[in-house]
């Protein structure tokens, strides 16, 4: 990497370079490229200079190879002193994304660096690449994994130019697939699963399709295919609630997912039900994220009615615990997708900001209720969604 890249207005930069401090490499008995400790810790330490350069270019996302020494990239602490281990993968900044290498069987590649500074992994073996003379050859390791992530990051930026480096980084992490690498002590990503100490999931693998799908626009047309890559915000366990064909409770007939996303204009909802049924959901929206305001913390109610093969959504002002001041004409809804039991809807951000100017997200919870004769209710949520 040359310093001129930092002033070239490049928005996505790949850095397929990583080197540990020489003293660490010698201590571990490793061979190969390393960086003299003086450059790490001298009068103008290289680690700090690169950190400042990345910080200066805060509008650029740097996709950095983790390195191929099989070590933890995180700096160690000796008293209050931070001892960097690897340049530049040890740098922790919002616009730096560190990539490890995985095998084709979703294991950590044996020589790939690992640790808490790793954001996600990508395939690091048998990668075909052009070579001089019009031929192709294979290469790999983290130098091959990082460009895969860089390419997907570039696609996200091209599809949605308003995305910041932090936005792109988070999308890539959120849409990565949890993988079991075989060693929970050498993780290659933790942000794609809920428990960072999970003994089953020990890495996050790039999923290009899900990442790109995340930024493509949603069309409210009753077909849920454009929701691929968007994980449900709320997932209700099957078998504990009301929905089924005839209104009586039977286990396994009530499964409900609620997915949420947004663009600059609308917040989009996807409701998914199991079993052929009619019924409804009443959802509470806390649009100021303050449980002390509104009606028991809620500013709006959303009424979702489901019938085969369609449904409807309506929005009400609920600040005074009354179903008043509906917002007709500002809610878009579409029928469910036949027997697939999906209902899509969109509510304009402008509408949600009627009661909460400057809204940046909301807390959502609710109750699903079956039609007579059973009338069984099932609690859903709560979950929190932040606009992006």
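Bear in mind these aren't lab numbers, they're just calculated from the coordinates by the rules spelled out. Just so you know, these numbers come straight off a predicted model, no measurement behind them. Glycine gets a Cβ as well: all are built from the backbone with ideal geometry, and neighbour counts include every protein chain shown.
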Residue, farthest from residue 149 (Cα to Cα), within segment 96-109, restricted to residues that are touching a residue at least 60 places away in the same chain (Cβ under 8 Å) and surrounded by fewer than 20 Cβ atoms within 10 Å (Cβ to Cβ): 107
Residue within segment 123-145 that is part of a helix (DSSP H, G or I), within 26 Å of residue 202 (Cβ to Cβ) and touching a helix residue (DSSP H, G or I) at 6+ places or on another chain (Cβ under 7 Å) present: no
Pick from segment 184-237, criterion over 16 Å from the mean Cα position of the chain (by Cα), within 22 Å of residue 262 (Cβ to Cβ) and free of Cβ contacts under 8 Å to residues at least 60 places away in the same chain, ranking: surrounded by the fewest Cβ atoms within 10 Å (Cβ to Cβ): 225
